[in-house]
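The values are calculated or read from the model by the stated rules, or taken from the named source; none is laboratory data. Computed from a predicted model, the values in this text were never measured in an experiment. Neighbour counts are summed over all protein chains in view; Cβ atoms, including those assigned to glycine, are modelled from backbone coordinates with ideal geometry. The accessibility values were calculated without ligands, DNA or RNA, using every heavy atom of the protein model including side chains. Shrake-Rupley method; radii C 1.70, N 1.55, O 1.52, S 1.80 Å.
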2 protein chains.
Amino acid sequence: MPIEHAPFSQVEYDRRIAKTRQAMDKAGLDLLFVTDPSNQAWLTGYDGWSFYVHQGVLLGLEGEPIWWGRYMDALGGRRTCWMSEGNIHGYADNYVQSTVRHPMQDLAGHIRRLGLDTARIGVEMENYYYSAKAHAVLVEELPNAAIQDATALVNWQRLVKSDEEIIFIRKAARISEKVIQTAIDRAAPGVRKNDLVADIFHAGITGVDDDWGDYPAIVPLTPSGLDATAAHLTWNGAPMREGEATFFELSGCYRRYHAPLCRTVYLGTPPPEMRAAEQAQIEGIAAGLDAARAGNRTCDIANAFLDVLAKHGLSREGRMGYPIGLSYPPDWGERTASIRTEDETALEPGMVFHFMPALWMESWGLETTETILITENGPAEALCNMDRKLFVKD
Amino acid sequence: MPIEHAPFSQVEYDRRIAKTRQAMDKAGLDLLFVTDPSNQAWLTGYDGWSFYVHQGVLLGLEGEPIWWGRYMDALGGRRTCWMSEGNIHGYADNYVQSTVRHPMQDLAGHIRRLGLDTARIGVEMENYYYSAKAHAVLVEELPNAAIQDATALVNWQRLVKSDEEIIFIRKAARISEKVIQTAIDRAAPGVRKNDLVADIFHAGITGVDDDWGDYPAIVPLTPSGLDATAAHLTWNGAPMREGEATFFELSGCYRRYHAPLCRTVYLGTPPPEMRAAEQAQIEGIAAGLDAARAGNRTCDIANAFLDVLAKHGLSREGRMGYPIGLSYPPDWGERTASIRTEDETALEPGMVFHFMPALWMESWGLETTETILITENGPAEALCNMDRKLFVKD
């Protein structure tokens, strides 16, 4: 079947499959069952809002991968995956949210038919959508298989982006610039937060020129004032107010690829301590970008930022970033490396991170972040072109 | 702490807790660990886009429930939950997506401190966000506990809605009418699907008057033509075309409560077989509503629809609906009863279902659905006010 919708070249998919099989070989696996929707899409092109039922990709050591899911979604698989129709399997609808049968029984049947029921099978134990129950059923159905944890095996293969992928992330970055600019332009005292978020969604999904916008894996996070001390509150219908900072944690999305970007807007005159934190944050980000070089490690980025912060008499705990790219809700991070002091992942050209050294204080939050690309030589490239400052509207 | 953000009365939360404890007692549980974000919100008011890290609610047989999650989200818990601050616990950030420690180790510590490490503990085995790994760690950490499956224990308590909840669903229904009307108005040959979806998002999130729109648990599903034979494909940047049907599967959302509504738009003159299916579907929905009476069962609704379909020489497989209400991504269904021939759940006043007898054919799909409320007497009430027909624009 020709590739109608799968967004990448066959060469690119072949590269991904080969890379994953190398990792399987190293982990001693004959078969991998991939639940993570991002990993499924990365390997096969599958794209649909169907991850709320059990589905996944079976990847053996040879041949095409097999996409497996609900029958009605197998129809979507035929329209989005690059594989032949014979490698797209649907299970009957009475498995869906049933109390008497479980889709993993059907999957186990497939594995038996493949003659792999005594194989060494990797599963993504730590993944949304691979439930404790799904695992229990699979283990019960395949008593002679050696089922082992292969969490993030595919995710790690996604860490260094191909040129084709970087093109997509750059398109997402253009959309990110548009959505952040929309947020900054529209923010004003009296504007209801939900009305502002509606404009943000509209800007992101209309996209930029021919690059239509897809749904980001996280909804717009736009908390103001005290709500901004908590990182993940969503909007409500309250009007924006003079004397409050609002942070905008947003991302454009192009065909499931993201380029997150955050800026903070203050309505009125910001207090001196926020201005001081702004200076420290901006200087720290520059230091972080300079440390984000091939050959350095993720912790070097974190330490470079924290050193600057300390010089300004400030401190911060927690993670400061993560790799990004292809993703589905509920998270746009890749869940492998982290930009934090205890993480020693070696940086390589083609890696893309959301570097987000947000400062969450007692009574306000200040988020200024960048999506950064590790280059061959020199400091990281910030993929979005947006002033790096606290935006003040008074 | 006063309730700042929790959307319901304390009487309502007390009702929910008491109902859940009765079910725990019946299931022989001393403690329940609730992972489902919808169940967490239903019990405590917690509301944040933070379900991509491990978090949950501990409910014992007395006292307030305990919300537990990442430290930065505990700050959000203080701003959204009704409980006292002492019952909102945050774990350190270095547990997040770590390869050397797991948040469930922290949770196990809490359970030990509560003196419940030898208790009978219920967990939601079949749930997004309760991963196979999370379960394995909890079992390992609490070797003397009797951990058992309590999947959907809370969900079943949510099936009959309170008056307070029905008010919210009616507000969502007003927003649903607005978004479907927007889709119908904007659909035209040449309109890019993503631009249409942008308008749909905008309509939903601006909401209706003071009832601001929240994000629906599923993004707008709007496939056209052959894509509409697959149920869960999302949009792209292709223009709408003459001679194609597009179904709109949408929902307004008011403070996490949903009222899904689907309609189909045909651009041009629909083929006779689609018109025939339309008549069968509309007549079948009327029959289904008439069968959706307190005292009847969910299967009676399905059979009433299928009987009409058969009279028209048509048939259909699969589920035709599910209970709805409070929800978070990736699904707005409650995952308990189903409207299908093999489900015998007794209907009671206050239950709310998305009755969705969509017809997915070889080369097109026809979705016309209703959110319905089971009443004291008489047939179900369709909560949205929207013509029940195939919308034709030629």
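A few notes on this one:
- Viscosity 1.306 mPa s, temperature 10 °C, Stokes-Einstein D of the range B:237-360 from Kirkwood C-alpha radius, µm²/s: 101 µm²/s
- Of the accessible area of chain B, computed with a 1.4 Å probe over protein heavy atoms only, carbon and sulfur atoms account for 48 percent.
- Diffusion coefficient, µm² s⁻¹, Stokes-Einstein with Kirkwood Rh over alpha-carbon pairs of the range A:3-157 at 20 °C and 1.002 mPa s: 139 µm²/s
- Under 5 Å, built H, 5+ apart or other chain: amide partners of B:Val53: none
- Across the protein chains, with a 1.4 Å probe defining accessible surface, the residues A:Ser84, A:Ser338 rank A:Ser84, A:Ser338 from largest area downward.
- Peptides B:95-106, A:317-328 ranked from most to least packed, by the mean per-residue count of other Cβ atoms within 10 Å: A:317-328, B:95-106.
- Relative intensity, log₁₀ I(q)/I(0), of the range A:167-298 from a Debye sum that treats every alpha carbon as a point, q = 0.11, 0.15, 0.17 Å⁻¹: -0.44, -0.78, -0.96
- Per principal axis, descending, Cα span of the range B:301-394 in whole Å: 38, 29, 28
- Computed from backbone phi with θ = phi - 60° and the Karplus coefficients 6.51, -1.76 and 1.60, the 3J(HN,Hα) list for the range A:165-180 is 5, 5, 4, 5, 5, 5, 5, 4, 5, 4, 5, 4, 4, 5, 6, 5 Hz; x is used for glycine and proline.
- Counting, for every residue in A:195-208, the Cβ atoms of other protein chains within 10 Å of its Cβ and taking the mean gives 6.
- Value of Rg to Rh for the range B:91-149 (Rh from inverse mean 1/r over Cα pairs, i.e. Kirkwood): 0.96
- Solvent exposure of A:Arg335, expressed as accessible area, is near 50 Å², computed with a probe of 1.4 Å over the protein chains only.
- Hydrodynamic radius (Kirkwood) for chain A, which is based on Cα pairs only, to one decimal in Å: 22.2 Å
- Peptide B:51-61 is shielded by partner chain Cβ atoms: per residue, an average of 2 of them sit within 10 Å of its Cβ.
- Relative to its residue count, the protein assembly as shown spans a Cα convex hull of 147 Å³ per residue.
- Inter-part distance, the range A:117-134 to the range A:304-338, computed on C-alpha centroids, equals 28 Å.
- With θ taken as phi - 60° and the Karplus curve 6.51 cos²θ - 1.76 cosθ + 1.60 applied, the whole-hertz 3J(HN,Hα) list for the range B:71-86 is 3, 5, 7, 4, 4, x, x, 4, 9, 10, 7, 8, 7, 5, 4, x Hz, x standing for glycine and proline.
- Accessible area buried between chains B and A, both sides summed, probe 1.4 Å, in Å² to nearest 100: 6200 Å²
- Karplus-derived HN-Hα couplings along the range A:120-137 (A = 6.51, B = -1.76, C = 1.60, θ = phi - 60°), whole Hz, x at Gly and Pro: 8, 10, x, 10, 8, 4, 9, 8, 3, 6, 10, 6, 4, 5, 4, 5, 4, 5
- Cα centroid separation, the range B:347-388 to the range A:365-379 (Å): 49 Å
- Shielding score for A:143-155, defined as the mean number of other chain Cβ atoms within 10 Å: 1
- Within the range A:163-393, the proportion of C-alpha pairs whose separation exceeds 24 Å stands at 40%.
- The relative contact order of chain B, computed from alpha carbon pairs under 8 Å that lie at least 6 residues apart in sequence, is 14 percent.
- Pairs over the 29 Å Cα-Cα cut-off, from the set A:Lys19/B:Lys133; A:Lys178/B:Lys171; A:Lys26/A:Lys161; B:Lys171/B:Lys389; A:Lys26/B:Lys133; A:Lys193/B:Lys193: A:Lys178/B:Lys171.
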